[in-house]
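So the structure is just underneath, and the comments pick up after that.
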Amino acid sequence: MRHLNTKPWYCLIAGLFLFGAGPLQAAVPALQLDHVALDKAMKPAGPRAQLPFSGIVLVAQQGKLLWNFSSKTTPLTAQRQFIIGSQSKQITAALILQAVDQQRLTLQDPLVKFLPEHRERFGDAITIKHLLEHSSGLGQGGTAPTGTPGSTFAYSNAGYDLLGEVLERVYGEPYAAQTARLFRHCEMTHSFAPSANQLTSQAPLLVAGLTERAGKLVAAPLDVAFSNNPSGRLVSSAGDLIRWQQCLHQQSLLKPASYQQMTSPQMLRPHRWGALGYGFGLQISSTEGLTEYSHSGFVDGYISTTLFYPQSATGLVLLEPLSLDPADIQRAFYFHDQIRQALRAQLLTAGAVQL
């Protein structure tokens, strides 16, 4: 295990202590994690025996750092920036729900109320809620709905990009400006939505990502279409995503009704971890009495996992600047799955399952 530099961690921890327990989470007993067991989960083994972990992992409870792990070959601080892939979706979902809280839209509003130019393409049946929960029928193609909206889960990046368009129409300002305002509110100083004025490739602390092509690792493309920001191209850091978890789950970012809908299963998602509930931009599970809000991210050059356990106010953020062939998803997310299992085992042993 390679611990991070003292000065950056002092700054990070000072910032994280600002959050504390908010109105959505009462004080909980402090956890004492077994660092040796967590370190063991990150050792090269199995399908990643020859390809060690190359990113950063943070675990925090109520904003207090409990454990960190970084690549031994290239130690990373919590301020280093990554493309966060589908972690972007929970941020887009929160922006939509803030608009609901402000009575600028409702979850039942049809998409074409805000984007009438898409009526011929998508029809009138797709609602904002369908897009949030991936039941619009658009799937990954995003061209025209298949089936009845609201009936079946079909993961759709296109659906979240449409939500970004809705936000721009509702507020009359770019999506990047809306995320910037949200990030300021949550004190996420190393996060942004790429734009012509702030390209991904120009991020000062960006970790260069590698992607696997025909068995070889090559540099990942960085500056792609800004229209993909809402679904998967936001830039952030591990420290900022810990702050995001605090802001979303332990402060009054959303009204209680909106937060409850975001974190409640709306659809069922088949997953390698088993069937998971899907809320709005978050996966939800509750096995063995342990509630877990999660999501993964996968774009060229970058994969990520975030976990939050509300019963103990414990969050995990894992960012890795390496995307392996998605045809072998177990290999690509090997370390992510190992550390999840190790952390869950400790939470269950500690009895951190009761509200």
Fill in the blank from the handout: Residue set 313, 257, 275, 332; condition in contact with a strand residue (DSSP E or B) (Cβ under 9 Å, 6 or more places away or on another chain) and either over 21 Å from residue 57 (Cβ atoms) or modelled with pLDDT under 95 (or both); output residue 275
Exercise for the section: Please work out which residue is farthest from residue 108 (Cα to Cα), limiting yourself to region 251-277 and to residues that are aliphatic (A, V, I, L, M) and surrounded by 17 or more Cβ atoms within 10 Å (Cβ to Cβ). Expected result: 276
Handout entry: Long-range neighbours under 6 Å by Cβ, at least six apart or interchain, first residue within 13 Å of residue 271 (Cβ to Cβ) within region 324-339, second outside any helix (DSSP H, G or I)
Key = 336/305; 336/318
Practice task
Within region 274-290, work out how many residues are touching a residue at least 40 places away in the same chain (Cβ under 8 Å) and either assigned to a strand (DSSP E or B) or touching a helix residue (DSSP H, G or I) at 6+ places or on another chain (Cβ under 7 Å) (or both).
Solution key: 7
Practice task
Kindly establish whether residue 257 is without any contact (Cβ under 8 Å) to a residue 40 or more places away in the chain, over 18 Å from the mean Cα position of the chain (by Cα) and closer than 30 Å to residue 101 by Cβ.
Solution key: yes
Exercise for the section: Give the residues of region 184-206 that are in contact with a strand residue (DSSP E or B) (Cβ under 6 Å, 6 or more places away or on another chain) and basic (Lys, Arg), sorted by residue number. Expected result: none
Problem - Members of region 97-151 that are among the hydroxyl-bearing types (Ser, Thr, Tyr), part of a loop (DSSP other than H, G, I, E, B) and either closer than 18 Å to residue 165 by Cα or in contact (Cβ under 8 Å) with a residue 60 or more places away in the chain (or both) - result: 106, 135, 136, 143
Exercise for the section: Output yes when any residue across region 233-252 is in a loop (DSSP other than H, G, I, E, B), farther than 18 Å from residue 102 by Cβ and not charged (D, E, K, R), and no when none is. Expected result: yes
Practice task
Kindly list, by first and then second residue, each pair from a residue in region 64-84 that is outside any strand (DSSP E or B) to a residue that is at pLDDT 95 or above and β-branched (Val, Ile, Thr), limited to pairs with Cβ atoms under 6 Å and residues at least 6 apart or on different chains.
Solution key: 76/56; 80/207
Handout entry: Residue check for residue 158: touching a residue at least 40 places away in the same chain (Cβ under 8 Å), surrounded by fewer than 24 Cβ atoms within 10 Å (Cβ to Cβ) and hydrophobic (A, V, I, L, M, F, W, C)
Key = yes
Exercise for the section: Answer yes or no: is there a residue in region 34-53 that is modelled with pLDDT of 85 or more, assigned to a loop (DSSP other than H, G, I, E, B) and buried (at least 18 other Cβ atoms within 10 Å of the Cβ). Expected result: yes
Exercise for the section: Might you let me know whether region 334-343 holds any residue that is assigned to a helix (DSSP H, G or I), of a type in the set (Phe, Trp, Tyr) and out of contact with any Pro (no Cβ under 6 Å at 6 or more places or on another chain)? Expected result: yes
Completion exercise
Every listed condition ((1) in contact with a strand residue (DSSP E or B) (Cβ under 6 Å, 6 or more places away or on another chain); (2) surrounded by 18 or more Cβ atoms within 10 Å (Cβ to Cβ)) holds for residue 230 save (1)
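For every residue, the table says whether it meets (1) in a strand (DSSP E or B); (2) under 21 Å from residue 323 (Cα atoms); (3) free of Cβ contacts under 8 Å to residues at least 40 places away in the same chain; (4) not β-branched (Val, Ile, Thr).
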position: 179; (1), (2), (3), (4): no, no, no, no
position: 184; (1), (2), (3), (4): no, no, yes, yes
position: 189; (1), (2), (3), (4): no, no, no, no
position: 211; (1), (2), (3), (4): yes, yes, no, no
position: 217; (1), (2), (3), (4): yes, yes, no, yes
position: 221; (1), (2), (3), (4): no, yes, no, yes
position: 224; (1), (2), (3), (4): no, yes, yes, no
position: 227; (1), (2), (3), (4): no, no, no, yes
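The values are calculated or read from the model by the stated rules, or taken from the named source; none is laboratory data. Quantities reported herein were computed from a predicted structural model and do not represent experimental measurements. So basically every Cβ, Gly included, is an ideal-geometry build from the backbone, and we count neighbours across all protein chains shown.
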